[in-house]
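Accompanying notes for the structure given below.
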Amino acid sequence: MNLPPKSTFRFSELPAITGIKPYVLRFWETEFEEIVPITDESGEKHYSRADVEMILHVKSLLFDEKLSITEAKGRLRAQDQSFVQDVAAAM
């Protein structure tokens, strides 16, 4: 999926971009530490491009690969560890 060419996204934009209902997005924020929106002084949440990409990745793990939330968390941890190892090896 091609994301709009911007660096931050408001919560109200995410359902249209990701195809995920707002209550599911709120739940995923509590379950996946990789999704970290910033709340502005008025209380509105803003998501980085990386957050939106992570939401789309989680969606793929849960909906396409049919993993449970626990399995998806494990997969994300394994991918993160692999990335850290790759960076360390490149140094």
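The values are calculated or read from the model by the stated rules, or taken from the named source; none is laboratory data. In this text, all values refer to a predicted model and were calculated from it rather than measured experimentally. Because the Cβ atoms are built from the backbone with ideal geometry, glycine has one as well, and the counts that use them run over all protein chains shown. For the accessible areas, the whole protein counts, side chains as well, though only heavy atoms, and no ligand, DNA or RNA atoms are used. Shrake-Rupley method; radii C 1.70, N 1.55, O 1.52, S 1.80 Å.
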- Item | Protein accessible area in the chain, 1.4 Å probe - carbon and sulfur % | 55 percent
- Message: What do you get for the angle between helix 69-90 and the principal long axis of the chain? Use alpha-carbon atoms, 0 to 90 degrees, nearest ten.
- Response: 60 degrees
- With all protein chains present and a 1.4 Å probe, the order of GLU13, GLU53, GLU41 from largest accessible area down is GLU41, GLU53, GLU13
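Just the accessible area per residue of segment 26-66, please: how many Å² with a 1.4 Å probe? Present the calculation step by step, with values, prior to reporting the outcome.
On the way: 2520 Å² over 41 residues.
With all protein chains present, segment 26-66 gives 61 Å² per residue.
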- Message: Could you compute how much accessible surface SER60 exposes when probed at 1.4 Å, giving the result in Å² to the nearest 10?
- Response: 40 Å²
- Using label points projected 7 Å from each Cα along Cα→Cβ, tell me how many nm separate GLN81 and ALA16, to one decimal. 4.1 nm
- Spin-label pair THR8/GLU41, simplified geometry with 7 Å Cα→Cβ offset, distance in nm: 1.3 nm
- Exposure rank, largest accessible area first [THR8, THR70, THR18; 1.4 Å]: THR70, THR8, THR18
- Integer Hz, Karplus 6.51/-1.76/1.60 couplings in order for segment 30-43, x for Gly and Pro: 7, 8, 10, 5, 6, 9, 10, x, 9, 9, 7, 5, 8, x
